[in-house]
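Inspection log for the structure reproduced underneath, given as structure tokens.
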Amino acid sequence: MLNCNRKKNVGIDAIAFSTSRYFLSLKTLAEHRNVDYRKYYEGIGQEKMAVFPPNEDIVTIAIDAAQKVLAKIENKNEIDLLIFATESSFDLSKSAGIYVHHFLGLKPSCRVFDIKQACYSATAALQMAKNFVENNSGSKALVIGSDIVKYSPNTSGEPTQGGAAVAILVSENPRLAYIEPFSGVYTADVADFWRPAAANEAMFDGRLSAHNYLRSLEYALDGYLEQSSLNLEDIDYTCFHAPFNKMAIKAARQFFSERDIKDALVYNALIGNSCSASLYISLISLIDNCKTDLAKKRIGMYSYGSGSVAEYYSLVISDQYKSVVLSEENRQNLANRIEVSFDEYEKLGTTTESFNYIGGENAIACYKNIGSVFLAEVKDGYRRYEEV
Ligand code: HMG
């Protein structure tokens with residue numbers, strides 16, 4: 001049960017994302033799949049998708065994103081909680097967050113665990129982190145959402161692949177955005193998308209998933225409006241989970257102005273679906289690309305995770321938000337990525353345990369990783385990372 005009388009001002013103090021250095025153009029994919037590329041560009045709203053080399057995974061990109069956020073604070077020892085949200089976990093036992101904790105040099109008394117509920121998980125983590133900070137004055141929490149999305153070749157999901165990590169620092173008196181105390185949640189048991197533990201690629205019912213995404217928005221938004229006593233006109237912008245941009249555009253059309261989500265979708269069109277990270281990449285995209293001053297604006301946030309859980313909540317952007325954004329760096333990182341050929345994409349795509357496809361030393365030499373830590377070895381299923 002939400003307590004709507006919270007006195008503390010808690011929210012997002014800093015946020016950053018990281019994705020692969022490599023991408024496939026959807027024009028290339030369309031050509032090899034005998035599809036009119038306009039179906040991808042206009043029909044689903046996507047232009048490029050991140051593809052991952054063997055020395056990158058959900059941990060290495062998470063560390064890269066988190067290091068950018070840590071650079072914005074003076075004392076990382078204030079971080080008492082790290083929650084790693086993912087549905088692309090490679091280990092059913094050990095938390096991916098432990099590796100992140102290690103390479104960030106966080107204190108041993110920082111609590112770490114992973115959390116899962118499809119693409120919704122980072123929002124669940126963010127709300128938990130908010131409650132934690134509200135109840136532990138002076139503490140900070142680090143939320144990671146990191147996913148690499150893979151569908152089988154020649155499926156309708158293939159052009160919506162992608163991947164990225166976001167790191168979100170939650171604190172009192174946040175410099176980026178305050179998290180408002182009301183939200184609408186909608187949970188329903190639906191067989192729209194799943195990944196059995198041994199499978200590398202997701203199974204899905206595309207049409208059902210799109211239908212349930214929109215239906216859940218209706219319920220979650222209703223709950224939000226009821227709890228907050230706000231009207232739709234009180235929401236300045238909405239960011240949506242964007243499995244592909246057209247999905248978010250359809251959702252916006254249902255309740256809001258389609259025009260108002262354009263800036264929020266710039267990065268997603270270039271990265272593809274990044275599941276838990278997707279909604280927060282939309283938020284970063286809005287902040288980086290919107291020409292209007294966003295200070296004091298209310299941003300609605302629609303999170304959807306197949307299976308399914310949906311939540312609609314809102315942020316109010318802080319006056320000093322421009323002091324913590326990384327807009328130029330984000331634009332440069334996306335502009336400087338390296339395009340892969342279709343052959344390369346096929347090789348990378350078919351080798352999720354891909355590390356062995358070109359072998360240890362060569363894997364490191366052939367591909368540039370994005371940050372300061374890379375996957376150096378997978379032995380007996382155990383992952384060993386090294387610093388560059
Ligand atoms: P499809 O069935 O291949 O595509 O894939 P389609 O035939 O429905 O066409 C898509 C659009 O392109 C249509 O526009 C066509 O008219 C248009 P719409 O009617 O939708 O406005 N089109 C063209 N436009 C211009 N020029 C052309 C052309 N041809 C066609 N020549 C589908 C669509 C959603 C099924 C597919 O992308 C898919 O299966 N995706 C994977 C599942 C998914 O992303 N679902 C989204 C909701 S579930 C979710 O968000 C959760 C998720 O992130 C996972 C999690 O929670 O963990 C997926």
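FYI, it's all coordinate maths here, none of it is from the lab. Because the structure is predicted, anything quoted here is derived from the model rather than measured.
Mind listing the long-range amide H neighbours of residue 205? Cut-off is under 5 Å, sequence gap 5 or more, other chains count too, H placed in the peptide plane at 1.01 Å from N.
Under 5 Å from the amide H of residue 205 lie the amide H atoms of 193, each far enough along the sequence or on another chain.
On a straight-distance basis, which aspartates and glutamates could pair with residue 107 in a cross-link, Cα separation under 17 angstrom, same-chain partners fewer than 8 positions away excluded?
Partners within reach: 74, 78, 80.
Please turn the phi angles of segment 79-87 into ³J(HN,Hα) values with the Karplus equation 6.51 cos²θ - 1.76 cosθ + 1.60 (θ = phi - 60°), one per residue in order, whole Hz, x for glycine and proline.
Coupling constants for segment 79-87: 7, 9, 8, 10, 10, 9, 9, 7, 10 Hz.
Taking square-rooted eigenvalues a ≥ b ≥ c of the alpha carbon gyration tensor, is segment 164-206 rounded, prolate or oblate, where a/c under 1.5 means rounded and, failing that, a/b exceeding b/c means prolate?
Because a/c hits 1.5 or more and a/b fails to exceed b/c, segment 164-206 counts as oblate.
Roughly speaking, what is the centre-to-centre gap between segment 141-159 and segment 209-287 when only Cα atoms are used, to the nearest Å?
Taking the Cα centre of segment 209-287 as reference, the centre of segment 141-159 is 18 Å away.
Using modelled amide H (1.01 Å from N, peptide plane; none on Pro or chain starts), what sits under 5 Å from the amide H of residue 376, excluding residues fewer than 5 places away?
Residues meeting the criterion, in which the H sits 1.01 Å from N, are 384, 385, 386.
Determine ³J(HN,Hα), in whole Hz, for all residues of segment 100-109 in sequence, where each value follows from phi through the Karplus function 6.51 cos²θ - 1.76 cosθ + 1.60 and θ = phi - 60°; x replaces Gly and Pro.
Running phi through 6.51 cos²θ - 1.76 cosθ + 1.60 with θ = phi - 60° gives 5, 3, 5, 6, 7, x, 6, 6, x, 7 Hz.
Collect residues whose amide H, placed 1.01 Å from N in the peptide plane, falls under 5 Å from the amide H of residue 51; neighbours closer than 5 in sequence don't count.
Amide H to amide H, under 5 Å and 5 or more residues apart or across chains, residue 51 pairs with 22, 23, 24.
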